[in-house]
Amino acid sequence: MDRDIRLKRLHFRAHHRGVKEADLLIGGFFDARGHAWNDDEIALFEDLLEEQDVDIMAWAIGTETPPARYAGPIIEAMQVLNYVPIAR
């Protein structure tokens with residue numbers, strides 16, 4: 001599949017999780033980082049989006065340890081939380 005199409009699909013999936021908090025966290029992360037990912041990182045994020053929102057959010061805020069397959073640069077970048085938009 002074409003890279004641009006994959007990224008557009010991931011953008012939609014990252015921003016339409018069903019819970020506003022997850023949309024902001026996961027969608028905001030994708031917006032901040034997704035454009036720079038290589039094909040392996042895109043595939044890992046695609047797999048990550050199959051997980052439950054509560055699990056992804058717990059891994060991002062550090063209340064749960066992510067499974068070994070997700071441990072690494074993507075989860076580490078997600079744990080920084082500087083990509084979450086804050087309404088002022």
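With only Lys, Arg, Asp and Glu charged, each at its Cβ (+1 for the first two, -1 for the last two), find how big the charge dipole of the range 5-53 is about the Cα centre; round to the nearest 20 debye.
With Lys and Arg at +1 and Asp and Glu at -1, about 300 debye.
Considering only protein heavy atoms and a probe of 1.4 Å, how much of the accessible area of the chain is carbon and sulfur, as a whole percent?
52 percent
Just subtract the alpha-carbon distance of Ala43 and Val19 from 0.36 nm times their residue separation and send over the number in nm, one decimal.
Extra length available between Ala43 and Val19 comes to 6.3 nm.
Over the chain, what relative contact order in percent results from Cα pairs under 8 Å that are six or more residues apart?
Once divided by the residue count of the chain, the mean separation gives 29 percent.
With +1 on the Cβ of every Lys and Arg and -1 on the Cβ of every Asp and Glu, and nothing else charged, how large is the dipole of the chain about its Cα centre, in debye rounded to the nearest 20? The partial results should precede the final answer.
Working: 10 positive and 16 negative charges, 72 e Å.
My answer is approximately 340 debye.
In the chain, if the dipole is taken from +1 on Lys/Arg beta carbons and -1 on Asp/Glu beta carbons about the Cα centre, which of Ala43, Phe29, Val54 is farthest to the positive end?
Phe29
Rounded to the nearest 10 Å², what accessible area does His35 show when all protein chains are kept and the probe is 1.4 Å?
Roughly 130 Å² of His35 is accessible to a 1.4 Å probe.
Output ³J(HN,Hα) for the range 78-88: one whole-Hz value per residue in order, computed from phi by the Karplus curve 6.51 cos²θ - 1.76 cosθ + 1.60 with θ = phi - 60°, and x for Gly and Pro.
5, 6, 5, 6, 7, 9, 6, x, 10, 6, 10
State in Å² the accessible area per residue of the chain; use a 1.4 Å probe, count heavy atoms of protein chains only, and round to the nearest integer.
That works out to 62 Å² per residue.
Report the extension gain between Ala36 and Ala58 in nm, rounded to one decimal, defined as 0.36 nm multiplied by the number of residues separating them, less their alpha carbon distance.
Length gained, Ala36 through Ala58: 5.5 nm.
The values are calculated or read from the model by the stated rules, or taken from the named source; none is laboratory data. Note that the structure is predicted; figures quoted are calculated from it, not measured. Neighbour counts are summed over all protein chains in view; Cβ atoms, including those assigned to glycine, are modelled from backbone coordinates with ideal geometry. Remember, those area values only see protein heavy atoms, side chains included, never the ligands or the DNA or RNA. Shrake-Rupley method; radii C 1.70, N 1.55, O 1.52, S 1.80 Å.
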